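Heads up: the structure comes next, in structure tokens.
The values are calculated or read from the model by the stated rules, or taken from the named source; none is laboratory data. A quick note: this is a predicted structure, and the numbers were derived from the prediction, not measured. Every residue, glycine as well, gets a Cβ built from its backbone with ideal geometry; the counts of neighbours run over all protein chains shown.
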Amino acid sequence: GGRRWRGGAGGRMAFRIGSGAAKCFSAGAEMRNEEALVAGAAAPARRTTTPYVTGSSVLGIKCSDGVVIAADTLASYGSMAKFRKISRLHEVSSTCVVGASGEYSDFQELKRTLDAVMMEQYCRDDGHHMTPSAIHQYLTRVMYGRRNKVDPLWNSVVLAGYHDNVATLGLVDLFGTNFESEVIATGYGLHMGLPLLRKAYREDLTVAEAKVIMEDILRVLFYRDARSTNSIQIAAVSASGVEISDIIELETKWDYQRFIVGARNADVSTW
Amino acid sequence: MFRNQYDTDITTYSPQGRVHQIEYAMEAVKQGSAVVGLRAKDYVVLATLKRSTSELASNQRKLFEIDSHVGVAISGLTADARVLTRFMRTECHNHKFVYETSMPVSHLVLTIADKCQVSTQRASKRPFGVGLLVAGYDATGAHLYQTCPSGNYFEYKAFAIGARSQSAKTYLERHFETFEELDLKDLCRHA
């Protein structure tokens with residue numbers, strides 16, 4: 001989170017046709033906005049060009065008896081750790097749980113969309129239950145549809161499910177990229193957490209073991225990701241349903257001698 | 001059924017609380033040739049009697065594949081049936097695109113029933129003059145449904161619609177309790 005994306009949609013796009021043309025293009029858009037404000041007319045449609053309140057990594061790992069995903073409970077406002085105890089995990093159905101990184105308001109919108117679909121299913125009351133992979137495909141269609149309107153839901157969503165003894169772990173992102181895998185991570189977790197997840201993954205991994213692994217990896221991410229906290233949540237889906245844990249405070253170690261004593265000479269560093 | 005002063009419009013109730021136009025639409029279903037459906041635990045079978053207008057003409061098609069897991073047999077106004085089967089195919093196709101799973105049969109039948117109901121409550125429309133027997137297999141097993149111009153739908157273990165379907169229903173009533181465990185060959189024999 002926190003990266004500034006250059007070149008969003010709308011009148012601010014700078015095409016390299018010729019500097020004159022580019023200036024005309026953006027000037028025209030600004031003039032239209034001003035005109036609209038002066039005229040009191042409805043403002044032109046806006047689009048998401050950058051996220052504001054963001055969640056960092058989400059991690060997921062498949063087990064022999066279920067799936068475990070985890071995320072910290074921080075929503076950052078740029079570099080400020082603004083909302084420190086929010087849940088980035090959401091129970092969609094009794095066999096499926098999702099977690100998202102990226103723009104938190106878009107995640108809230110996704111939660112509403114998914115809950116609406118589940119409510120429709122509940123009202124139909126016909127004995128059919130959407131499988132996690134069906135929910136995954138539905139999410140893909142939603143995200144890709146928004147991407148095609150150049151107005152994305154700025155999230156990377158990790159979906160975990162355990163339905164009829166089949167474990168599902170997949171990702172859908174703001175472009176509509178979607179895939180399933182034994183290990184999944186988003187954000188900084190993709191760079192620092194995924195290698196650790198891959199090392200830890202075994203075919204006969206259990207949910208209990210995976211929960212411990214998640215704590216360790218999120219601790220590493222707390223040490224190294226500047227947009228994370230040590231307050232985390234772990235969700236597990238298994239034959240007994242979805243279980244999203246209470247907030248766990250990770251223990252961290254800061255009393256290294258080098259930290260306490262500090263770097264006395266130029267050639268000593270605390271790295 | 002005799003004409004009366006309350007049967008001109010779909011939007012008029014009779015004093016007995018009936019909408020005669022809907023019942024007349026159901027008469028159209030009874031004019032079509034017989035269509036029979038039977039259900040076992042793992043199989044559903046549809047059988048139809050094809051009619052032709054003359055010796056020169058080919059037989060009227062009454063069985064339609066909707067998706068790899070659903071098929072229908074029609075009785076009544078064939079043109080209306082064509083519209084409904086096209087609708088069912090696009091619904092199934094769309095469901096597969098969005099959810100990557102086969103559409104549950106009950107959900108599909110519900111959408112047709114709702115579509116049929118719409119045309120029973122608009123002054124500018126007439127009801128669909130076709131009854132369907134929908135046979136499908138999904139995550140909850142084998143299913144047989146009947147839909148009606150009224151917008152009602154029912155699930156059956158065995159049923160028949162169309163001309164002279166009463167004799168078919170009599171046969172089915174006698175034998176339906178044995179259908180559950182039958183294999184496909186025996187089920188077809190009954191059909």
Subset of the stretch B:73-82 (residues that are touching a Lys or Arg at 6+ places or on another chain (Cβ under 9 Å) and hydrophobic (A, V, I, L, M, F, W, C)): B:ALA73, B:ILE74, B:ALA81
Matching option when the condition is more than 10 Å from every other protein chain (Cβ to nearest Cβ) and surrounded by fewer than 20 Cβ atoms within 10 Å (Cβ to Cβ), among A:ASP106, A:ASP115: A:ASP115
For the stretch B:84-98, does any single residue satisfy the condition of being among the aliphatic types (A, V, I, L, M) and away from every other protein chain (no Cβ under 14 Å)? yes
Unique residue being more than 18 Å from B:GLU155 (Cα to Cα) and in contact (Cβ under 8 Å) with a residue 40 or more places away in the chain when the list is B:VAL36, B:VAL83, B:VAL72: B:VAL83
Given the conditions (1) assigned to a loop (DSSP other than H, G, I, E, B); (2) at negative phi, which single one is not true for B:ILE66? (1)
Per the filter on the stretch B:108-159, residues within 14 Å of chain A (Cβ to nearest Cβ), polar (S, T, N, Q) and out of contact with any helix residue (DSSP H, G or I) (no Cβ under 6 Å at 6 or more places or on another chain) are B:THR140
Taking the residues in the stretch A:121-164 that are assigned to a helix (DSSP H, G or I) and away from every other protein chain (no Cβ under 14 Å) as candidates, determine which candidate is farthest from A:SER64 (Cα to Cα). A:ASN148
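Conditions (1) in contact with a Phe, Trp or Tyr (Cβ under 6 Å, 6 or more places away or on another chain); (2) at pLDDT 95 or above; (3) basic (Lys, Arg); (4) part of a helix (DSSP H, G or I), marked per residue:
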site	(1), (2), (3), (4)
B:VAL98	yes, yes, no, yes
B:HIS107	no, yes, no, yes
B:ILE112	no, yes, no, yes
B:GLY131	no, yes, no, no
B:LEU144	yes, yes, no, no
B:THR178	no, no, no, yes
B:CYS188	no, no, no, yes
Is it the case that A:SER79 is away from chain B (no Cβ under 14 Å) and surrounded by fewer than 24 Cβ atoms within 10 Å (Cβ to Cβ)? yes
Restricting attention to the stretch B:74-96, and to residues there that are of a type outside the set (Val, Ile, Thr) and outside any helix (DSSP H, G or I), which single residue is nearest to A:SER133 (Cα to Cα)? B:SER75
B:THR48 passes all but one of the listed conditions (1) surrounded by 15 or more Cβ atoms within 10 Å (Cβ to Cβ); (2) more than 14 Å from every other protein chain (Cβ to nearest Cβ); (3) without any contact (Cβ under 8 Å) to a residue 24 or more places away in the chain; the exception is number (3)
Does B:LYS41 fit the bill of being loosely packed, with under 15 Cβ neighbours inside 10 Å, of a type outside the set (S, T, N, Q), over 21 Å from B:ALA25 (Cα atoms) and touching a residue at least 24 places away in the same chain (Cβ under 8 Å)? yes
Look through A:VAL150, A:VAL117 and report the one residue that is touching a residue at least 60 places away in the same chain (Cβ under 8 Å), over 22 Å from A:LEU190 (Cβ atoms) and not charged (D, E, K, R). A:VAL150
